[in-house]
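Colleague: Mind having a look at this structure? Questions to follow.
The values are calculated or read from the model by the stated rules, or taken from the named source; none is laboratory data. For clarity, every value in this text was computed on a predicted model and none was experimentally measured. Don't worry about glycine lacking a Cβ; one is built from the backbone with ideal geometry, like all the others, and counts go over all protein chains shown. Just the protein is used for accessible areas: all its heavy atoms, side chains included, with ligands, DNA and RNA removed. Shrake-Rupley method; radii C 1.70, N 1.55, O 1.52, S 1.80 Å.
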Amino acid sequence: SQTIHQWPATLVQPVGSPLSLECTVEGTSNPNLYWYRQAAGRGLQLLFYSVGIGQISSEVPQNLSASRPQDRQFILSSKKLLLSDSGFYLCAWTLGANVLTFGAGSRLTVL
Amino acid sequence: DAKTTQPPSMDCAEGRAANLPCNHSTISGNEYVYWYRQIHSQGPQYIIHGLKNNETNEMASLIITEDRKSSTLILPHATLRDTAVYYCIVPPRNAGNMLTFGGGTRLMVKP
């Protein structure tokens, strides 16, 4: 069966520090991968999606970036975090339908 | 996405049916209706989807009106664990599997 892993689950980072969140999917090949963010009390915002290795599309311009170095690995990064980057980051995958499977999420607090 | 309108919140007594409405009057003929839910501090979870026929699975039933301008998600016997935000989504056919989550309905199941 397919599983999706995200880590770290929680982290607290100072403003201006770098960020790396990792997501891996097991049990499937060539999935579509997504990064969403949910700020406190807000809705889900699609940040990036990828249909294949090295193929990244950005939905919202910001100081975040994403990479897909391997078929089932999706990484969210920042060189310098802002206070507004705080939130709940969710990775998701699908094989091409609109049925997304989400990971457990990574809760980021920027101080 | 076709615009969807949901009540911001609803209450339901435990053991009773929860009926969550969604208005999608601008839906096109080939667009599906998807429902997800998000329990607090977790990632969204797919529930059900449909085009024009009513659908049922182990989690819920989806009733779509004949003109397809609205739908209702039914949880037949709500439990406390069904307390969550429920999202009704109508992604356009050319969305590339990119789902946009709106505000949803916050369902509170009360004992």
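Colleague: Got a number for the accessible area of B:LYS3? Probe 1.4 Å, square angstrom, nearest 10.
Modeller: Probe radius 1.4 Å; accessible area of B:LYS3 about 140 Å².
Colleague: Once you have the alpha carbon radius of gyration of chain B, what is it after dividing by 2.2 N^0.38 Å, with N set to its residue count?
Modeller: Ratio of Cα Rg to 2.2 N^0.38 Å: 1.01.
Colleague: Thinking of chain A as a set of Cα atoms, what percent of all their pairs are more than 17 Å apart?
Modeller: 49
Colleague: Then there's this: Quick check: convex hull of the Cα atoms in the range A:6-70, volume per residue, rounded to a whole Å³?
Modeller: 117
Colleague: What total accessible surface area, summed over both chains, is buried at the interface between chains B and A, computed with a 1.4 Å probe and given in Å² to the nearest 100?
Modeller: Chain pair B/A: roughly 1500 Å² of buried accessible area.
Colleague: Select from B:SER41, B:SER25, B:SER70 the residue whose mean-square fluctuation is largest in a Gaussian network model of chain B (Cα-Cα springs shorter than 10 Å).
Modeller: For chain B, modelled as a Gaussian network with Cα springs under 10 Å, the answer is B:SER41.
Colleague: Using a simple spin-label model with points 7 Å from Cα along the Cα→Cβ vector, what separation in nm is obtained for A:VAL15 and A:ALA97?
Modeller: 4.6
Colleague: In whole percent, how big is the carbon plus sulfur part of the accessible area of the range B:24-111, probe 1.4 Å, protein atoms only?
Modeller: Accessible surface attributable to carbon and sulfur in the range B:24-111 totals 49 percent.
Colleague: Still on this structure, please answer the following. Could you list, bin by bin from short to long, the percent of Cα-Cα pairs of the protein assembly as shown in 10 Å steps?
Modeller: With a bin width of 10 Å, the distribution comes to 8, 32, 34, 21, 5, 0.
Colleague: Here's another thing I want to ask about it. Taking the alpha-carbon distance from B:LYS3 and a cut-off under 18 Å, which lysines remain once sequence neighbours fewer than 8 residues away in the same chain are dropped?
Modeller: List returned: B:LYS52, B:LYS69.
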